[in-house]
């Protein structure tokens, strides 16, 4: 009995990754599971130089955080616009952290 070595091919079982596959999966979850409305980006009338769609962002922040004052929500948008950490990869990490864990803001409540 002799010992043999061989390579096992796995390329047939690996699903090819494409950005469109990922994007469509996320859209399906947001639309079908979380009841979001999907709008095809070219159908949006907006300033594409601005990465944040503030026509939706601020009303959504108000809806999700009804007890926070406007100054806190505007501070949130400011922080989202002005990521201050390192290179693009660091900024993507920071933005992802904000999405997952929220944005810490300071404000005076007037009391």
(request) Tell me which of these residue 93 doesn't satisfy, since it passes every other one: (1) more than 22 Å from residue 23 (Cα to Cα); (2) surrounded by 10 or more Cβ atoms within 10 Å (Cβ to Cβ); (3) under 16 Å from the mean Cα position of the chain (by Cα). (result) (1)
(message) With surrounded by 11 or more Cβ atoms within 10 Å (Cβ to Cβ) and modelled with pLDDT of 85 or more as the only criterion, which of 67, 74 stands out?
(response) 74
(request) Filter region 30-47 for residues that are within 18 Å of residue 64 (Cβ to Cβ) and either part of a helix (DSSP H, G or I) or out of contact with any helix residue (DSSP H, G or I) (no Cβ under 7 Å at 6 or more places or on another chain) (or both) and give the result. (result) 30, 33, 34, 35, 37
(request) Test each condition in (1) farther than 24 Å from residue 107 by Cβ; (2) not in a helix (DSSP H, G or I) for residue 84 and report the one that comes out false. (result) (1)
(request) Filter region 93-108 for residues that are touching a helix residue (DSSP H, G or I) at 6+ places or on another chain (Cβ under 8 Å) and either in contact (Cβ under 8 Å) with a residue 60 or more places away in the chain or within 14 Å of residue 61 (Cβ to Cβ) (or both) and give the result. (result) 98, 103, 105, 107
(request) Return the total of residues in region 96-111 being more than 21 Å from residue 50 (Cβ to Cβ) and surrounded by 10 or more Cβ atoms within 10 Å (Cβ to Cβ). (result) 3
(request) May I ask you to list the residues in region 48-64 that are at pLDDT 90 or above and either out of contact with any helix residue (DSSP H, G or I) (no Cβ under 7 Å at 6 or more places or on another chain) or on the phi > 0 side of the Ramachandran plot (or both)? (result) 59, 60, 63, 64
(request) Tell me, please, whether a residue that is modelled with pLDDT under 85, closer than 23 Å to residue 81 by Cα and assigned to a loop (DSSP other than H, G, I, E, B) can be found in region 10-18. (result) no
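Name the single residue that is nearest to the chain's Cα centre (by Cα) among those in region 52-74 being in a loop (DSSP other than H, G, I, E, B) and either under 16 Å from residue 108 (Cβ atoms) or in contact (Cβ under 8 Å) with a residue 12 or more places away in the chain (or both).
Let us first name the residues in region 52-74 that are in a loop (DSSP other than H, G, I, E, B), namely 52-53, 65-69.
Keeping just the survivors that are either under 16 Å from residue 108 (Cβ atoms) or in contact (Cβ under 8 Å) with a residue 12 or more places away in the chain (or both) gives 52, 67-69.
Details: 52: 11, 67: 23, 68: 22, 69: 23 Å.
Going through the qualifying residues, I end up with 52.
The values are calculated or read from the model by the stated rules, or taken from the named source; none is laboratory data. In this text the structure is predicted, and so the values were computed from the model without any measurement. Cβ coordinates were reconstructed from backbone atoms using ideal geometry, including for glycine residues, and neighbour counts include every protein chain displayed.
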